[in-house]
Every structure is written in C-alpha cells, then in structure tokens.
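To start, the structure itself, in structure tokens.
The values are calculated or read from the model by the stated rules, or taken from the named source; none is laboratory data. What you see is a predicted model, and the numbers here were worked out from it, not measured in a lab. Reconstructed Cβ throughout: ideal geometry from the backbone, glycine too, with neighbour counts over all protein chains shown. We work out accessible area using only protein heavy atoms, side chains counted, and drop any ligands, DNA or RNA first. Shrake-Rupley method; radii C 1.70, N 1.55, O 1.52, S 1.80 Å.
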Amino acid sequence: MLKTSRVLPIRPAEVPQSNRILTAGLPALALVSLCFGLFLFLSAPNYAIKFTPGRLDDYSTLYSFYPPEPGADFSYTGEQVFFNLHQIPRYLPLKVSFDMSLDRPTGAAPALVEINEVNVPGYVIYKPLAKLEQVSGQNGFQTYSVILPARPDIKSGLIMQLKINPFQAAGDERVKGVQMRQVRIQAADQGVVQSEAVLFSLVILGLMLVIAAWCYLAGMGYVEISLLSLITAITCAEQVQAMHLNGGWMAVCLAGLAICCAGWWWQRKRDRPGELAWVVAGVVFMAGLFILGNTYYDDAKLYQDWIRDILKFGPFDLYHNSITFNYPPLIVYFFWVYGSIVSMLGLAGNMVALKTVVSVALLGILWLAWRFLVEHSGLSKAVLDRKLVPVFLLFGLNLHTLYNPVIWGQTELLLAFCLMGCLYLIYRQKYFIALLVLGLCLLLKLQTIMVGPLLFLLILKKYGWKRTIQGSLVTGGLMLALALPVFGFRANEITRYLFQAELGGQTMNFSRVYNFPYLLKNTFVPVSVTTGIGLMVVILVYLALSRLIFSKEVNPFIMNFSIVLAILTFFTFALKVHERYIYYTVPFMLLVVAYSYLDGDGKFSKQIRVLFLCLSLNGVLQLIFSRYTDYFALHDLTTNTFKIINSIHENIYTWNGLLVEARGGLETTLNLATIALCAWTGYLLAQAIRLKQATSREPERKAELVNSTEG
C-alpha cells in the first residue's frame, strides 16, 4: 500500500452539522436537477423515424419495392409489402404514417390497400389496421396514418403487411401496387412528460436525490455526485421504454433504498459499528430497482435455448447436440445446475431468475474486497467498515456495475468474480488453488486472457518454477476432464469451436466497441496497419507490466491497478473485443479506489475515484450506443433468401433528433475518450509506482537525516 502523510479529502468519520447540510447540499441538488432534466430530454419520444425510398427496401422483404425512376422521389410497391422493424420497442402506442399516392393510370382498377400487423414466424395476421381506397377529388400524395396499440409482451418489434390490388401498365411487365414516398413511425404519446411514464420519471428523480444525499453524507465531492447522477440519467433514459411499465415495483425498491440510507445515517450519528450492512442492503435494493430492465434479448434467448438443450440432452456432447452453443465448456455445468433447480421451482425460461442468480456475485465481489482490505490495510474491522462506505457506494450505486448482470442479464460478472477470487487466493498464499481457479476461469470465458498472463506471472514469482509447473499440469488435467465430455471427445467439435467467427474464423473483426480500431475503421489507414499498431501497443504494455511484476515486490494496490490497465489496453487496442469487456475492470478498480482512499493521499485518491466513474460512464455509453447498431439477417419466406441489413439507429423512445443526427460525432468522441482513459490510467499507475517508491525510501531518508544531524 501507499503510505503518505496527507489528509483524507473525504470525511469518513465526520458527521456534518445539521445547519450545514442544507446549505452545502444545495449545489448537489442543482446538479441532480440538471441531470434529471437531461433524463427527460433524452427519454422523450419526440423523434420520428423516416423511411424514404432509399431505406424502404432495407426494412421490407426482398423485392417489395421497385427502384425509383430517374429523378423520382418515390418507389412503386409490389402487390404485397412486409415492413420488418425488429428493433422497434412496443412499450408505447405507435403512430405510423404512410406518404403515398393511390393514383393509377386510366383503365386500371382503383387502388385498395389493406394494412395489417402480422406476427412471426409465418407472417400470420395479428390485427387488421386499416383499409384504404382512393377518395374522389383526393389525387396525388396523401398522408394516411394508423395507430398501433402497445404490445410490451412481444420482442419481435413491428411487422406490418401492406396488401395491395395490383395493376400492370401497358408495355410494362412489372406488377405494381402504389407509389410510396415516405413512411414515418413515432410514438403516439408525445411530449416531454409522457402520460404512461409519469410515475417512472418521479421514481428516477427520487433515485437521483437518494443517491446524491447518501453520497454527500458519506463525504463524497460534487464531481463524484455529478458523475453518478449523469450515469443514472443516461441509463434510465435508455431503459425508460421497458421500465416505465414497472413504476410501482421501482417505487417499492426506491423506498427500501431510502430506508437503507436513513438507517445508515442514524447509525453513523450514534457512532455505532456495522455501517457497511446498510450499504450492502442498499446495493440489493438498487439492483432490485433495475432487475426488470430491458434485457439484451438476443443473448438472453440464447441462454434459455442452451439451458433447454442441456436439460434435454445433458451437458455431455453438447456442442454436437446444440447447433447454437458457442461458449467455453465450464458454463455448461453452471447452466445445468441452474436449469435443474429453476425447472423444479417452475421458473424455467424466467430471465429475472437468471439475472438474480448471476447478480449474487455482486455481493461476492464486495465480500472479497472487504476481505482483501481487512488483511492488507492494517485497520480494525470497525474502522474499516466506516472508511469503506464511500467506496462501496461508488460501486453499488453505480449503474455500470449493475447494467451487465442486472439489466442485460449477461454473465461477465461471473468471470469478474472468479478472477478477483484468484487474485485474493494469491495474496492469501493459496497458490495451488489459485492456479486451479485460473484454469477454471479460462474454461468459463476466454476473456480470461486479458488478465490471466499477469496472474500466472504473479503465481510463478511467488510459488516458484517447479511448483507452478506441477500445479499447471494438474490444472490442465482438470480442464481436460471438464471440457472433453462437453465436446463429446470429438476433435471436429473442438475445431468448430476454435474456428468460429468470434475466435479464429475471421482474420479481422470490428466488433461492437468504440476504441482505436473502430476509430480508424472507415479511414484511409489499412486494416493491417490498424491491427499491427494495436497489437504492438498491447504487447508493449503487457511486457512492461510483466517486468514490473517480476522485478519488484508488487503490493495489492499496484497489482490491481496493473490489471485494470491491462484490461483497458486490450479493450482499447485489440480486435475481436465486445462493448461489455470493459466491465472486467470493475472489481479491480473497486480495490484500487479503496486502497488509494485508505492511504490518505487526497488529490491522488480523488483522481482515482474520478477515473473509476469516467470508466463507468464510458462503459455505459459503450453498451447503449452499440445496442442499436447491430447487424442482423432478414429472411424472406417467399424466396427463402437472406440479406444482411443494419438495424434501426433511431430508437423512437430512447434517442431524440439531436442524438440521432449527431451520432457520428458522438461515436468518434467515444472512440477518442476510450483511448484517453487508457492513457490516463497508465499515467496514474506510473504516478502510483513513483509514490510507492518514494514512500519505501522514506525510512532511509529519515535515518540519513538523523545521522547528518548527529554529525
């Protein structure tokens, strides 16, 4: 740990005087008001998606539109059109307006258009919406609007059928329908405060106030409060489309969070131990607030499909029995145990149940952090509990911490917990068990490669070459014993897994992540140059960190900080990473914040806390921006063909017009911000190493000073 003589900027043991709380809290209240205004601004569904002829065909079945005539601003439809808008949220009523002309040549039958909402698969009519026919005297392009009721229970978005009686012009072989110039889709409920989201908006305001009050009373500065409020505002604006339906549940959880804050304050004013218990309870209620959030449906559906396959066929030979399973083998056993239990409880396919089980690892991370600090801080448990309150609040009230497991329902948290547990075992001198855990991490997720080399080097240094090799052989045997049955002992299944598109199946892959390769993706810089530069930076940073670990006695603070830099460097400069991989910095950054805070270096500690929150803000923006730029395949039933199209960028209930129009600039800014955060992390790590070296030489300086004085 770093040891300095500076004073803490946060007042962990100080109870603010009652007559100072209101006055000093006014700036925090103003910051919360600004962030709440941002939430209302971002969440208002005041933007209409506009499909002009160039985009209409992208979101319809193949060959539904004929190419526009030269100089024309419209396209002719065929006799049947299916609009496939899979990314449109259905949590609000929708207004769909068709700008089309029903005019036809003389002698052709009058146009008759039937508009239906259909379900997939099969494009079966769900509900007739309108029948349109030309009215005498209304010639040319007219706007025809239909209202679609909300359907929050479906995940397939909006699919509409236009069925038109066709005609064929003389000398033209094409069978035509009507002239289409534009389709507009917008929320039927407009305005800054939507009638269906008033309770949700009030809950979010209350949530921001509780977070700000708790953080202020715990001694945090306005910068930390501002960043936490900003993360909350952006995340809640993105989640409003689904979560406004659960305002009552969220109000109950908010009340629980407020009670935890009040209970903690009552306990602190009476100088009683056990403050962290209130914080941990608050984390539980904070997770409960968002447990019904908008799940990342594609991956969540895969998880449920895999669980069904595992329960049907068993975990053995799963790669052969499940055509979609593409994860490393260890998670099969987790899904097997989990699926068996929830099936007995009648919760099979329940995504909230899976989110809840995975999210328990959040409490595991808090426990591991507490154990780390109890053993390496030199403070008593009572003092440590009080001092750790601000640090645990930064972790638990931070929606980036919760987004991956609680909202999206992803499993990155499981690996993050296991990697943190491996480091904890190393510093407990349980090196053999740490090797076993590291091997299991590699079987759980291949993202272990971002952290595994540094952990292995630390074990090698402390455990010795001979015993490390022996432990590695045992670990390898365990890994084979667990992995081969899942592959069914089939070499072809192992090959299929290793050379899938996400691993060795593509030479280049720009995934959904805003970083250095993505910044240069559409520039004059060749992909090979981008890849080479990124690989060189990653190698150099890992070599520097390896030298640091091997040449010096690395304390837990420096080791955790080194792991954060390694993950962030990999995330920033490597190919084939995903937007959520920055999440692996969270548990290690928690310990970095805690160690720097407990050591008492005011300015440096504040920089570390701000870095943590900036990384969290970046992580949230990575998740939100990338979610609406996925590519997907559209299947045309009539021709049995596919086309790859870009999904809709303009989510009508999440993004307003400013964010849609400025999306390119915002993505570039996020790319640059990721690179800047990586550089800042490296700078702060170098500064921490210098402080440590200066601290370690302090006794020698004092001895020299005493000797010179005596002389």
Full extension between V252 and K163 adds, at 0.36 nm per residue less the Cα distance, a length in nm of 27.3 nm
Using a 1.4 angstrom probe on heavy atoms only, work out the carbon and sulfur share of the accessible area of segment 235-360 in %. 69
I need the trypsin sites (Lys or Arg not before Pro) found in segment 214-315, filtered to DSSP loop residues with at most 16 other beta carbons within 10 Å of theirs. R270
Shape call, segment 76-156: gyration tensor on alpha carbons, a/c limit 1.5: prolate
Once a ≥ b ≥ c are taken as the square roots of the eigenvalues of the Cα gyration tensor of segment 214-303, is the result rounded (a/c under 1.5), prolate (a/b larger than b/c) or oblate (a/b not larger than b/c)? prolate
Given the Cα-Cα distance of A481 and V529 and 0.36 nm per residue of separation, how much length would full extension add, in nm? 13.2 nm
Nearest-10 value in Å² for the accessible area of W680, using the 1.4 Å probe: 70
Mean projection of the alpha-carbon convex hull of segment 127-256 over all orientations, in nm²? 13.4
Which value, in Å² rounded to 10, gives the accessible area of K606 with a 1.4 Å probe and all protein chains present? 70
Which cross-chain or sequence-distant (5 or more) residues have an amide H under 5 Å from the amide H of Y126, H modelled 1.01 Å from N in plane? E117, V118, N119
Using just the C-alpha positions of segment 293-333 as equal point scatterers, what log10 of I(q)/I(0) does the Debye formula give at each q in 0.23, 0.25, 0.26, 0.32 1/Å? -0.72, -0.82, -0.87, -1.19
Length gained, L543-K301, 0.36 nm per residue minus C-alpha separation, equals 83.1 nm
Determine the shape class of segment 347-493: with a ≥ b ≥ c the square roots of the Cα gyration tensor eigenvalues, call it rounded for a/c under 1.5, and otherwise prolate if a/b is greater than b/c, oblate otherwise. oblate
Semi-axes (Å, rounded, descending) of the ellipsoid equivalent to segment 470-594 per its C-alpha gyration tensor are 27, 26, 14
Segment 556-608 - convex hull of the alpha-carbon atoms, volume per residue in Å³: 71
What distance in nm lies between label points placed 7 Å from Cα along the C-beta direction at Q142 and A130? 1.0
Quick calc, L379 & R270: beta-carbon distance into FRET formula, R0 30 Å, rounding 0.05, result 0.90
What residues have an amide H closer than 5 Å to that of A188, excluding those fewer than 5 places away on the same chain, when H is modeled at 1.01 Å from N in the peptide plane? L94, K95
Taking every alpha carbon pair in segment 315-428, what does the distance histogram look like in 10 angstrom bins from 0, in percent? 12, 33, 32, 17, 6, 1
Of all alpha-carbon pairs in segment 252-366, indicate the percentage at a distance above 22 angstrom. 49
Report the FRET efficiency, 1/(1 + (r/R0)^6), for R371 and A188, where r is their Cβ-Cβ distance and R0 is 56 Å, rounded to 0.05. 0.60
Can you run phi through the Karplus equation (6.51, -1.76, 1.60; θ = phi - 60°) for segment 392-397 and list ³J(HN,Hα) in whole Hz, with x for Gly and Pro? 5, 5, 4, 7, x, 9
Distance in Å, no decimals, from the C-alpha centre of segment 89-121 to the one of segment 230-269 is 43
